[in-house]
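The values are calculated or read from the model by the stated rules, or taken from the named source; none is laboratory data. As the structure is a prediction and not an experimental result, all values here were calculated from the model. As a convention, Cβ positions derive from the backbone with ideal geometry for all residues, glycine included, and neighbour counts pool all protein chains shown.
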Amino acid sequence: MDPKLKALLVSLADEYETADFLAGDPSQFMHKVKGAKNQEATAFVASCLSFGSRSQFLPKVEWLLRCAKGDMDRWIRSGAFEKDIPPDGSRCFYRFFTYETMNGFLRVYQGLMKDYGTLGEYVRSKCGGDALKAVQAICGYFSSQGLSVVVPKDAKSACKRVCMFLRWMVRSNSPVDIGLWSDFMDKSTLVMPLDTHVVQEALRLGLLSSSCASMCVAKRLTAALAEAFPGDPCRGDFALFGYGVSKDAE
C-alpha cells in the first residue's frame with residue numbers, strides 16, 4: 001500500500017473511532033443497556049434492522065427497546081415479544097418486514113437462546129474463532145429454521161449487517177465496539193461490513209476495482225485494509241466513514 005494512503009487511513013481512523021461516532025449509528029443501542037447478554041441481544045437485533053435510511057430504522061430499534069423495557073435479552077427469552085409483535089402478515093413493521101416476519105425472527109432467536117444459551121455460545125461452538133465461519137454459522141442457523149429474510153440465507157452476499165455485528169462483538173478497547181467475544185474470536189479474521197457507501201469510498205481510494213457488493217469483494221477489501229491496520233482490518237471501517245464525511249464536506 002502506498003505510504004501516503006496508509007497514513008491517510010490511519011489518520012482518519014484515529015479521528016473517527018471515538019464516542020462521537022455513536023450518535024446516529026445503530027451501535028449506540030448496545031451502549032444504552034446493561035449486562036453482557038442484554039448488550040449482545042440488543043446489538044444483534046439492532047444490526048439486523050440496520051438497512052435503508054437511518055431516520056427510519058433507528059426509531060424502529062428504539063421502539064423495540066422500549067417494548068423490551070431496556071432488556072432485549074429477557075424480552076426475547078420470555079416470549080414477551082409475542083404480545084408486542086403479533087404474527088400479523090398484513091401489518092408492515094419496516095420496509096419489507098411484516099410483523100409476522102419480525103415475530104418469526106424473534107421466535108427463531110428465542111429457540112437459539114434456549115438451545116445454546118446465547119448467540120455468542122452458539123458461535124463459539126461452531127466457528128473455531130474464525131469470523132467468516134461465524135457469518136456462515138449465523139446465516140446457516142436462521143436459514144435452517146426456515147427464516148432467511150432478516151438474516152441472509154448464506155454467506156455468498158456481503159452479509160454487511162452480520163459482519164457489522166461481529167465487528168461490534170469482537171473488537172475490544174474501542175469507544176464504539178464492545179468486544180464481548182474477543183476472548184474466543186480473533187479480530188484479524190473479521191470481514192469488512194460492505195455496503196454501497198463503503199464500496200464507493202473504497203473505489204475512490206483505489207482500494208477496490210469492483211463495485212459488486214459480494215463476500216468475495218468484502219474479503220478483498222479486508223485484505224487491502226489489513227495493510228494499513230495489521231491484525232485489525234475492520235478499523236478501516238472508521239477510516240472509510242471518515243473519508244466519506246470529509247469528501248462530502250468539500
Task: Filter result (among the β-branched types (Val, Ile, Thr), under 24 Å from LEU58 (Cβ atoms) and assigned to a helix (DSSP H, G or I)) within the stretch 93-132 - done: THR101, VAL108
- [ ] Kindly indicate whether VAL135 is under 16 Å from the mean Cα position of the chain (by Cα) and assigned to a helix (DSSP H, G or I).
- [x] yes
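Quick one: count up the residues across the stretch 215-228 that are crowded, with 17+ Cβ neighbours inside 10 Å and either free of Cβ contacts under 8 Å to residues at least 12 places away in the same chain or assigned to a helix (DSSP H, G or I) (or both).
Initially, the stretch 215-228 is screened for residues crowded, with 17+ Cβ neighbours inside 10 Å, giving 215, 217-218, 220-222, 224-226, 228.
Pick out the ones that are also either free of Cβ contacts under 8 Å to residues at least 12 places away in the same chain or assigned to a helix (DSSP H, G or I) (or both) and you get 215, 217-218, 220-222, 224-226.
Residues meeting the conditions: 9.
When you scan the stretch 53-64, do you find a residue that is among the aromatic types (Phe, Trp, Tyr) and under 16 Å from VAL151 (Cβ atoms), even just one?
Scanning the stretch 53-64 turns up at least one residue that is among the aromatic types (Phe, Trp, Tyr) and under 16 Å from VAL151 (Cβ atoms).
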TODO: Determine whether THR118 is among the hydroxyl-bearing types (Ser, Thr, Tyr), in contact with a Cys (Cβ under 9 Å, 6 or more places away or on another chain) and either within 18 Å of SER47 (Cβ to Cβ) or modelled with pLDDT under 95 (or both).
DONE: no
TODO: Among residues belonging to the stretch 108-145 that are small (Gly, Ala, Ser) and in contact with a helix residue (DSSP H, G or I) (Cβ under 8 Å, 6 or more places away or on another chain), point out the one that is nearest to PRO233 (Cα to Cα).
DONE: ALA131
- [ ] Say whether the condition of being assigned to a loop (DSSP other than H, G, I, E, B) and either of a type in the set (Asp, Glu) or closer than 26 Å to ALA36 by Cβ (or both) is met by at least one residue in the stretch 200-214.
- [x] no
Task: Evaluation of PRO59 against (1) farther than 21 Å from PRO193 by Cα; (2) surrounded by 16 or more Cβ atoms within 10 Å (Cβ to Cβ) (one fails), failing number - done: (2)
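Please work out if GLY231 is touching a residue at least 40 places away in the same chain (Cβ under 8 Å), at positive phi and not basic (Lys, Arg). Steps first, answer last, please.
Values: touching a residue at least 40 places away in the same chain (Cβ under 8 Å): yes; at positive phi: yes; not basic (Lys, Arg): yes.
Yes: the conditions hold for GLY231.
Does GLU82 qualify as being surrounded by 15 or more Cβ atoms within 10 Å (Cβ to Cβ), of a type in the set (Asp, Glu) and assigned to a helix (DSSP H, G or I)?
no
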Task: Complete set of residues in the stretch 27-49 that are touching a residue at least 60 places away in the same chain (Cβ under 8 Å) and either in contact with a Ser or Thr (Cβ under 7 Å, 6 or more places away or on another chain) or basic (Lys, Arg) (or both) - done: MET30, LYS37, GLU40
- [ ] Please tell me if ASP88 is crowded, with 18+ Cβ neighbours inside 10 Å and either in a loop (DSSP other than H, G, I, E, B) or among the charged types (D, E, K, R) (or both).
- [x] no
